[in-house]
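The values are calculated or read from the model by the stated rules, or taken from the named source; none is laboratory data. None of the values given here were measured: they were computed from a predicted structure. Cβ coordinates were reconstructed from backbone atoms using ideal geometry, including for glycine residues, and neighbour counts include every protein chain displayed. Accessible surface is based on the protein model in full, side chains and every heavy atom, while ligands, DNA and RNA are left aside. Shrake-Rupley method; radii C 1.70, N 1.55, O 1.52, S 1.80 Å.
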Amino acid sequence: MNSDELLAQERKLQFTRFGNDVAIELGLHLLDAAREQGLPIAISVRRNGHRLFHASLPGTAPDNDSWLERKAAVVDRFGHSSFYVGTTYREKGRSFEDEPHLDATLYAAHGGVFPVIVRGTGPVGTVGVSGLPQAEDHEFVVTQVESFINYLSQKDGV
């Protein structure tokens, strides 16, 4: 995917509301989907830096938690998905990891963490996974966020 396609996902996948209960429901939605697919991933959902949901399925390790934190730090700093940020660097022929002002122990511009955007408000948190190759991490999150937003819309009658 290119940066334009990734940005289009962010414009499309926006919530109308996002509190603690919605964050937990979202986390459980991802957890159910990961279990059904037998995926070895760690899952994190945060709102304003507060982790509201975390789960690690069999096959994960503490490194997955580190990756989640570093990818979420990219989303918090740039306001876009971790995959989008890394892709924009690659499209410019540059490496995110070579940026002198971005500590690689704190930031990772690899796919898997997506901004939680509330329509009319902007980014308010992150939802992410770690454990698969970066494009697959990203695709899983986007697919599940879209599914969950559709579920919320039906539930709310929107």
Exercise for the section: Within segment 43-52, identify whether any single residue is touching a residue at least 12 places away in the same chain (Cβ under 8 Å) and more than 26 Å from Gly120 (Cβ to Cβ), and answer yes or no. Expected result: yes
Exercise for the section: Any chance you could count how many residues in segment 85-99 are in contact (Cβ under 8 Å) with a residue 40 or more places away in the chain and open to solvent by 20 Å² or more (accessible area, probe 1.4 Å)? Expected result: 2
Fill in the blank from the handout: Scanning segment 145-158 for residues that are open to solvent by 20 Å² or more (accessible area, probe 1.4 Å) and not small (Gly, Ala, Ser), the one nearest to Gly112 (Cα to Cα) turns out to be Glu146
Fill in the blank from the handout: Of the residues in segment 103-158, those that are without any contact (Cβ under 8 Å) to a residue 60 or more places away in the chain, farther than 24 Å from Gly59 by Cβ and within 11 Å of the chain's Cα centre (by Cα) number 0
Practice task
Hey, can you tell me all the residues within segment 109-120 that are touching a helix residue (DSSP H, G or I) at 6+ places or on another chain (Cβ under 9 Å) and in a loop (DSSP other than H, G, I, E, B)?
Solution key: Ala109, His110, Gly111, Gly112
